[in-house]
Amino acid sequence: MYVRLLVTLAFAFAVTTSRIAAANTERVVDPSASKVGFSISHIFVERVTGTVPIENGAVVFANDSPIPSSVTVTLDATKVSTGDPDQTGCIQSPDYFDVKKFPTWIFTSTKITAHSGTSFGIDGNLTMHGVTQPEHFDVMIENVTGHAVYHAVGQIDRHVFGMKGTRLDPAIGGIANVTMDVVLK
């Protein structure tokens with residue numbers, strides 16, 4: 001009787017553990033298919049737009065949900081680009097992003113709130129320019145040729161990250177509009 005009880009408990013523990021392990025699935029971000037874009041106002045050219053490549057990222061899903069339970073993404077700040085060599089050089093300089101000193105930006109989720117089966121809000125900590133600040137993004141899940149694309153939008157205040165700039169600072173907006181399209185492998 002005692003042996004049967006131990007075998008039953010061991011079996012129940014094994015089944016429960018395997019269900020918990022199977023309930024969480026981690027997938028990685030596909031950097032070649034994902035992109036991050038930004039735009040910020042500028043008095044002389046109206047808006048400056050650019051891109052920052054995703055270096056890597058991991059997304060954890062629970063219970064086969066399309067909405068993640070956690071997200072971590074690393075961006076390669078050394079490759080930030082506006083398409084204009086002068087503008088790119090300016091924003092990569094110590095006056096703004098200081099990419100030699102701070103080559104990566106990292107976002108780690110702290111809370112994910114489902115709005116529907118295809119949209120959610122994601123709160124997390126963004127570390128950029130040596131400063132960590134809470135940020136929020138709204139995310140829509142789009143189905144493109146059978147693959148989910150996570151389209152996120154948000155705004156980031158560059159001043160809270162210590163990017164005060166130069167004497168031209170008043171000519172450049174403080175709030176950057178950010179869009180992300182993330183595809184998973």
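The values are calculated or read from the model by the stated rules, or taken from the named source; none is laboratory data. It should be emphasised that the depicted structure is a prediction, and the values quoted were computed from it without experimental measurement. Glycine gets a Cβ as well: all are built from the backbone with ideal geometry, and neighbour counts include every protein chain shown.
Structure notes:
- When residue 90 is tested against the conditions (1) closer than 20 Å to residue 132 by Cα; (2) without any contact (Cβ under 8 Å) to a residue 12 or more places away in the chain, the lone failure is (1).
- Qualifying residue in segment 81-95 (condition: closer than 18 Å to residue 141 by Cβ and at pLDDT 95 or above): no
- Residue list for segment 23-39, restricted to those being of a type outside the set (A, V, I, L, M), surrounded by fewer than 19 Cβ atoms within 10 Å (Cβ to Cβ) and assigned to a strand (DSSP E or B): 24, 25, 26, 27, 35, 37, 39
- For residue 155, the conditions (1) touching a residue at least 24 places away in the same chain (Cβ under 8 Å); (2) in a strand (DSSP E or B); (3) not small (Gly, Ala, Ser) are fulfilled apart from (1).
- Here residue 96 passes the criteria (1) more than 22 Å from residue 173 (Cα to Cα); (2) over 11 Å from the mean Cα position of the chain (by Cα) except the one numbered (1).
- Within segment 48-87, if we keep just the residues that are in contact (Cβ under 8 Å) with a residue 60 or more places away in the chain and part of a loop (DSSP other than H, G, I, E, B), the residue that is farthest from the chain's Cα centre (by Cα) turns out to be 66.
- Residue list for segment 128-144, restricted to those being more than 18 Å from residue 35 (Cα to Cα) and either outside any strand (DSSP E or B) or β-branched (Val, Ile, Thr) (or both): 129, 130, 131, 132
- Being closer than 21 Å to residue 161 by Cα and either surrounded by 14 or more Cβ atoms within 10 Å (Cβ to Cβ) or touching a helix residue (DSSP H, G or I) at 6+ places or on another chain (Cβ under 8 Å) (or both) is a description that does not apply to residue 112.
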